[in-house]
1. What do you get for the angle between helix 36-62 and the principal long axis of the chain? Use alpha-carbon atoms, 0 to 90 degrees, nearest ten.
2. Give the Cα extents of the chain along the principal axes, in whole Å, largest first.
3. Just need log10 I(q)/I(0) for the range 70-166 at q = 0.11, 0.15, 0.16, 0.25 Å⁻¹, Debye formula, equal scatterers on the alpha-carbon atoms, no solvent, rounded to two decimals.
4. Considering lysine pairs in the range 3-155 that are 8 or more places apart or on different chains, how many have Cα atoms under 29 Å apart?
5. What relative contact order, as a whole-number percentage, does the range 3-155 give when Cα pairs under 8 Å and 6 or more residues apart are counted?
6. Taking the Cβ of Lys109 as the center, what net charge do the other residues with Cβ under 13 Å away carry, scoring Lys and Arg +1 and Asp and Glu -1?
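Values quoted throughout were computed directly from the atomic coordinates according to the rules given, and no laboratory measurement underlies them. Computed from a prediction, not measured in an experiment: that's the story for all the values here. Using ideal geometry, Cβ is built from the backbone for each residue, glycine included, and neighbour counts are taken over all protein chains shown.
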Amino acid sequence: MEQKMIDALNEQMNFEYYSAHIYLSMAAYAGELGLAGFEHWLITQYEEEVFHAQKIYHYIVSRDARAVIKGFDDPEKDFDSLLSMLEIALGHERIVTGRINDLVALAGKLNDYATHNFLQWFISEQVEEEETFMDLIQKVKLVKDAGLYILDNELKTRTFSPPTQK
Ligand code: FEO
């Protein structure tokens, strides 16, 4: 592989590990909100991102090149709401898609057909990743009113028992 391709793949591998940390941070936020389901879902997303990074790691090594592990900035940890956090996640996935597209373009430019072929998996994966977050955002928006209805009904049951006076 040409050094340019190795460097670009290494950058993406590290970006996938960074993505994993972003989702772990989001999982912790969901956990703090008491949303164990979202927390679990985001931890699964974290695992998926580690898998993406490992996939690139193994590919680099299989081509007799060096995988270079780097550090990264702290992921965001405070969000305005669950919905805004998910919108940030979708925005992040769109950035990943752009980066994968750039890698494919570079592989094409360098006539690196093996890497071009390897990256096709990520092209399909990104379609799924964006769709998954778009669906979840849609669901959160749809259940928002239903959730208010449930909460509203729960609030209707509140009673007041005056303390007995002595
Ligand atoms: Fe590895 Fe969510 O892209």
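1. 10 degrees
2. Dimensions of the chain along the principal axes of its Cα atoms: 87, 29, 21 Å.
3. For the range 70-166 at q = 0.11, 0.15, 0.16, 0.25 Å⁻¹, log10 I(q)/I(0) is -0.58, -0.81, -0.87, -1.21.
4. Lysine pair count for the range 3-155: 10.
5. Reported relative contact order: 24 percent.
6. Working: positive: Lys4; negative: Glu2, Asp102, Asp112.
After counting each charged neighbour, the total is -2.
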